[in-house]
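The values are calculated or read from the model by the stated rules, or taken from the named source; none is laboratory data. Because the structure is a prediction, the values reported are computed rather than measured. Cβ coordinates were reconstructed from backbone atoms using ideal geometry, including for glycine residues, and neighbour counts include every protein chain displayed.
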């Protein structure tokens with residue numbers, strides 16, 4: 001009955017009559033063959049519909065992957081090491097945060113030293129708080145003999161590494177366990193412009209400008225903190241954005257309050273806005289490329 005080899009006798013339902021196997025098989029195969037024919041027709045229609053899009057995609061795709069997702073420290077470091085070994089002109093790096101781990105700096109030194117020995121120039125941006133990191137200063141001393149320029153700026157968004165105009169690396173998670181390797185020429189050029197924008201507003205590591213008081217009695221760091229205060233950021237957020245610990249940030253806020261004669265946080269925000277100190281924020285001295293003392 002399952003294979004239709006038997007069927008009830010129309011004259012006597014209690015009896016079953018045999019069906020020739022060839023007939024039963026044809027009855028079972030017919031719907032399957034019809035379904036196969038319908039699906040073949042559908043596959044041809046889909047292929048015809050997608051053909052123009054596939055042609056466009058083939059023309060737009062470069063010979064190398066424009067964006068590659070790198071997961072895990074080992075894979076990220078392997079990609080960085082490969083890109084560094086292939087770099088022949090200039091490497092640009094943005095390193096946010098204050099004090100850096102000695103182990104991380106040691107790995108960076110192992111990767112950067114051969115680069116510098118080959119005559120590749122290296123430009124690196126740190127935040128001003130890196131000036132107080134003995135580990136960072138020791139690292140800078142070890143690479144200072146090459147074509148190296150180190151500058152600092154008050155605020156950086158996220159880490160960035162660019163090799164020549166070929167490849168760039170950016171993290172996409174806060175724990176930096178996942179990164180993007182970018183090889184699209186347009187994207188890399190755009191990131192280089194962002195780097196140059198920040199570079200033009202930074203100061204050489206050896207310069208004292210970020211911690212020297214301006215005529216209003218506030219340092220550049222304190223101007224940056226004041227700006228973030230009136231934007232409504234809490235102490236923890238300000239410290240994180242400027243790469244310093246919360247205690248240091250609060251010490252700077254206390255100095256701003258003392259300079260403006262503020263007795264409370266509410267009054268401090270009002271006094272900052274009324275004082276006009278942010279209308280003429282101190283700008284770092286203009287330094288041409290190549291003038292860094294490092």
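Structural remarks
- Exactly one residue out of 142, 95, 86, 127 is in contact with a strand residue (DSSP E or B) (Cβ under 8 Å, 6 or more places away or on another chain) and surrounded by fewer than 17 Cβ atoms within 10 Å (Cβ to Cβ): that is 86.
- Of the residues making up segment 154-187, those that are farther than 19 Å from residue 81 by Cβ, out of contact with any helix residue (DSSP H, G or I) (no Cβ under 6 Å at 6 or more places or on another chain) and surrounded by 14 or more Cβ atoms within 10 Å (Cβ to Cβ) number 3.
- Any hit, segment 262-282, residues being out of contact with any helix residue (DSSP H, G or I) (no Cβ under 8 Å at 6 or more places or on another chain), at pLDDT below 85 and under 25 Å from residue 132 (Cβ atoms): no
- Verdict on residue 113 being over 25 Å from residue 176 (Cα atoms) and surrounded by fewer than 17 Cβ atoms within 10 Å (Cβ to Cβ): no
- Residue list for segment 51-72, filter: modelled with pLDDT under 90 and surrounded by 14 or more Cβ atoms within 10 Å (Cβ to Cβ): 66
- Taken over segment 1-45, the residue count meeting the criterion of being in contact with a helix residue (DSSP H, G or I) (Cβ under 9 Å, 6 or more places away or on another chain) and either assigned to a helix (DSSP H, G or I) or in contact (Cβ under 8 Å) with a residue 60 or more places away in the chain (or both) is 0.
- Applying the condition of being closer than 16 Å to residue 124 by Cβ and either over 11 Å from the mean Cα position of the chain (by Cα) or outside any loop (DSSP other than H, G, I, E, B) (or both) to segment 156-167 and asking which residue is modelled with the lowest pLDDT yields 156.
- Test: residue 216 is surrounded by 13 or more Cβ atoms within 10 Å (Cβ to Cβ) and modelled with pLDDT of 80 or more: no
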